[in-house]
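Remarks on the structure that follows.
The values are calculated or read from the model by the stated rules, or taken from the named source; none is laboratory data. Please read all numbers here as calculations on a predicted model, not as lab measurements. Every residue, glycine among them, receives a Cβ derived from its backbone with ideal geometry; neighbour counts consider all protein chains shown. Note: accessible area is taken over every heavy atom of the protein model, side chains too, but ligands, DNA and RNA are not part of it. Shrake-Rupley method; radii C 1.70, N 1.55, O 1.52, S 1.80 Å.
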Amino acid sequence: MPRSADTRARILEAALDLFSEQGFEGTTLQQIAGRLGLTKAALYYHFRSKDDLLWALHTPAAADLDRLLDAHAALPNTTARRRQFVEDYINFLLRHRRLIAYTFRDLATLAHPAVASGSDERRARMESALSGDDLDFNGQVRIAMIFGGMHSVVARYPESEDPALGEALLDAAGRLLRPRRASHGRQRAPGGPERPLIDRTRG
């Protein structure tokens, strides 16, 4: 790897470390440079501001999520496909676990343009990928819970490399997104039994 690219990667790693420890607003460029033994001028050569650093940290994850959503948009809306989406999304979270953990703890950063840009559209696409377009209100609540819950768990274990974490998340998602049984004396909505959101079987 060229020296310049290596320095850039080290700066981003140090920035994420310090943002995670102190928050975006509580971190200065001088602190980032100091952690790496660089001069501020050397850091400026790669990044002119903390905003630039946050853009550089967030952009690869956003592009990764866009690729995932594009791939699933081309597939039929079946329970097997929805299960695969959950599995792929969990793998996405695990690939970017440290960034996910940081933004989950430093909630003010979610309003920063580097993070907020396109977030509403991605959220809508994520919900559609998991539910389709005909989900009732209770289903919408379950969708919100599962996405929020997955983020929370990944944020709790930002350094975990245990493959059991992904399996546990997938199992929990399957349990939460199973169709509810009809309560005693209460009829289902017209149209027959509620369809399962994801297929918890493999294969």
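A few notes on this one:
- Descending semi-axes in Å of the range 6-118, equivalent ellipsoid built from Cα gyration tensor: 32, 13, 12
- The range 26-152, dipole about Cα centre (Lys/Arg Cβ +1, Asp/Glu Cβ -1), debye to the nearest 20: 600 debye
- Percentage relative contact order, the range 1-125, counting C-alpha pairs under 8 Å, at least six apart: 28 percent
- Note on exposure: 25, 13 ranked by accessible area (1.4 Å probe, complete protein assembly) read 25, 13, with the most exposed listed first.
- Rounded percent of accessible protein surface that carbon and sulfur make up, the range 25-157, 1.4 Å probe: 56 percent
- Average accessible area per residue (Å²) across the range 50-135 - probe 1.4 Å, nucleic acids and ligands excluded: 48 Å²
- Charge dipole of the range 1-88 (Cα centre as origin; +1 on each Lys and Arg Cβ, -1 on each Asp and Glu Cβ, all else neutral): 160 debye, rounded to the nearest 20.
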